Every structure is written in structure tokens, then in C-alpha cells.
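Participant: What follows is a single structure, and I will ask about it in a moment.
What follows draws every value from the coordinates through simple rules; no lab data is involved. Given the structure is predicted, the values throughout are model-derived calculations rather than measurements. For neighbour counting, all protein chains shown are included, and Cβ atoms are generated from backbone atoms with ideal geometry for every residue, glycine included.
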Amino acid sequence: MTGPDAIYGRLPLGYMVEDRYRVGEIVGKGGSGLIYQATDVTTGQRVALKTLNSDLLSHPSAVARYHREARAAAGIGHPNICSVSDVGQLPDGRPFLVMELLTGRTLADRIRDDGAMPFPSVVNILTQTLSALEAAHAKKIVHRDIKPDNVFLTDRIRGVTAVKLLDFGIAKSLDENAELSLTRTGMVVGTPFYMAPEQARGETLDHRVDIYACGVLLFEMLT
């Protein structure tokens, strides 16, 4: 296998992961891997299966990010955070995550497609995002990568858009004894445009960097 398929390690339609998850169509593609629609054959439930690119398997930090995302999401357990129900390893050694299957679009897509948003919509989205972060911060977990691409807007249920916060892959625990923290002071991670000054400088940070990033979200949604 060569080309994009080799890079992504694309799974064939109908492939069984651990004799439990039947792989369906690709529903998402990012810089680190693919997301498939899959079926849990033990329950019949549709789920999302996220896999790491084959070319990243040799990067320990990329592999660790998957396990960190699973631990963070499972440890918080909030309705506005995309839940992770299982984590495992494919035969070629790549990690995979099993997550709830979401339908809708990211906040980045909405801003790009629709431009400035009505104030009630902004309040709804920001309130739910902050609720998710409040729960994370209560567990001493800082997301560190709040941006429109990581805020997912689900299809409207009874006229209300539900927010799901995505990607805790570079989350940091403020508990010094926790395994979640894999970065050290002086190491800069995140998306530059949404970083608080202390995060961009690689200084010691806390939950306030997430609040700063929400301020940038607010500006983008309103303008």
C-alpha cells in the first residue's frame, strides 16, 4: 500500500477491530489520523472509531496523546465533552479510541460558512463550552487547545444545539502526581492564535489559559 492510504493506514470497510467494532465509512480526517463510523456488534450501537496515522506510530508523543485523551475524557465525564468509551491497539500497533458518534459541524465550520452569529446563539455555545471547562478544571485538567475546530455543534435536538468539546490530547493535569501531564515548563503546545501570553511563552499555566481562549472564541463568533 502506498500514497495516502499508507500514511493513514486506512482500514477497509467491514474490518473488525478486536472482534467487536465493525468499521464503516470515514466521517472525519485530521492531521493525526482518521475517524470512522463503526458499529459495536455487541450492542448494535453506532460509534466513532479514531485511529492514528501509520507514519506517526514511531512518535511516542503522538501515541501518548491518544491515551491522554482517553484518560482525560473518561475522568471528567460531562455531557458537553465528547465521551470516550474504549481504547485499544490495532494489530499494527497503532492506538485507537472509541467515542460517541456526533453529527453536525464544528464551530470553525459554522463561522466560516455563516459569518457573525446571532447573540443568543453565541451565549448558548459559550455557556455550554464553559460548563465543560468548569468540570475539567474542577478535576484539575486544563484543555490547552480551545479553538473553533475543537468545539463541535451537534444537530439541533428540540431546537437546541448541543455543544461537545473535543480533543483533550494535549490536556495538562495540574496534579503534579498525575500521569496526564507529559509536558514540562518551557515547552509550548497549543494553537498560537488562541494562546494566552503565558502559554505562548512556555511558562507555568493554569485554567485561565482556557478562559482566555474562550474570549477569542467569543470575539470570532460575534465578528
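Participant: Which of Pro95, Pro120, Pro79 moves most in a GNM of the chain, Cα contacts under 10 Å?
Facilitator: Maximum among the listed residues: Pro120.
Participant: Could you put Cys82, Cys214 in order, starting from the residue whose Cβ has the fewest other Cβ atoms within 10 Å?
Facilitator: Ranking Cys82, Cys214 by Cβ neighbours within 10 Å, fewest first, gives Cys214, Cys82.
Participant: By the gyration tensor of its Cα atoms, with a ≥ b ≥ c the square roots of the eigenvalues, what is the shape of the chain: rounded for a/c under 1.5, prolate for a/b over b/c, or oblate?
Facilitator: oblate
Participant: Oh, and also: Summing -39500 (n - 2.57) over the DSSP H runs of n ≥ 4 in the chain and dividing by its residue number, what mean residue ellipticity at 222 nm do you reach, to the nearest 500 deg cm²/dmol?
Facilitator: -9500 deg cm²/dmol
Participant: If you don't mind, another one. Using a Gaussian network model of the chain with C-alpha springs under 10 Å, which one of Gly115, Gly190, Gly77 is most mobile by mean-square fluctuation?
Facilitator: Gly115
Participant: Starting at the first residue of the stretch 117-125, write each ³J(HN,Hα) from the Karplus equation 6.51 cos²θ - 1.76 cosθ + 1.60 with θ = phi - 60°, in whole Hz, x for Gly and Pro.
Facilitator: 9, x, 4, x, 5, 4, 4, 4, 5
Participant: Nothing charged except the Cβ atoms of Lys and Arg (+1) and of Asp and Glu (-1): what's the magnitude of the dipole of the chain about its Cα centre? Round to the nearest 20 debye.
Facilitator: Roughly 160 debye for the chain.
Participant: Something else: Hand me the tally of lysine pairs in the chain: alpha carbons under 14 angstrom apart, and the pair either on different chains or 8 or more positions apart.
Facilitator: 4
Participant: Here's something else I'd like to know. Along Cα→Cβ, 7 Å out, is where each label goes; now give me the distance between the ones at Thr127 and Ser85 in nm to one decimal.
Facilitator: In this crude label model, Thr127 to Ser85 measures out at 2.9 nm.
Participant: Hey, in the GNM for the chain with a 10 angstrom Cα cutoff, which one of Arg71, Arg156, Arg105 fluctuates hardest?
Facilitator: In this elastic network of the chain, the residue with the biggest mean-square fluctuation among Arg71, Arg156, Arg105 is Arg156.
Participant: Given a Förster distance of 41 Å, report the FRET efficiency between Ala200 and Arg20 from their Cβ-Cβ distance, rounded to the nearest 0.05.
Facilitator: The computed FRET efficiency comes out at 0.45.
Participant: Moving on to the next point. Once amide H atoms are built 1.01 Å from N in the peptide plane, which residues 5 or more positions from Gln89, or in another chain, come under 5 Å H to H?
Facilitator: Close amide H contacts, sequence-distant or interchain: Phe96.
Participant: Please report Phe168, Phe219 as a ranked list, fewest other C-beta atoms within 10 angstrom at the top and most at the bottom.
Facilitator: Least crowded to most crowded, the residues run Phe219, Phe168.
Participant: With the Cα gyration tensor of the stretch 89-157 giving a ≥ b ≥ c as the square roots of its eigenvalues, does the rule (a/c under 1.5 for rounded; else a/b larger than b/c for prolate; else oblate) give rounded, prolate or oblate?
Facilitator: oblate
Participant: Please compute the net charge surrounding Ser121, taking Lys and Arg as +1 and Asp and Glu as -1 over other residues with Cβ under 10 Å from its Cβ.
Facilitator: 0
Participant: Using a/c under 1.5 as the rounded threshold, could you call the stretch 104-222 rounded, prolate or oblate? The axes a ≥ b ≥ c are square roots of the C-alpha gyration tensor eigenvalues, and prolate needs a/b larger than b/c, oblate otherwise.
Facilitator: It is prolate, given that a/c is not under 1.5 and a/b is the larger ratio.
Participant: For Ala108 and Leu174, FRET efficiency with R0 = 22 Å and r from the beta-carbon atoms, rounded to 0.05?
Facilitator: Efficiency at R0 = 22 Å is approximately 0.20.
Participant: So, one more: Out of every Cα pair in the stretch 4-100, what percent are spaced more than 21 Å from each other?
Facilitator: Here the long-distance tail beyond 21 Å is 28 percent of all Cα pairs in the stretch 4-100.
Participant: How would His143, His78 line up from fewest to most surrounding beta-carbon atoms within 10 angstrom?
Facilitator: His78, His143
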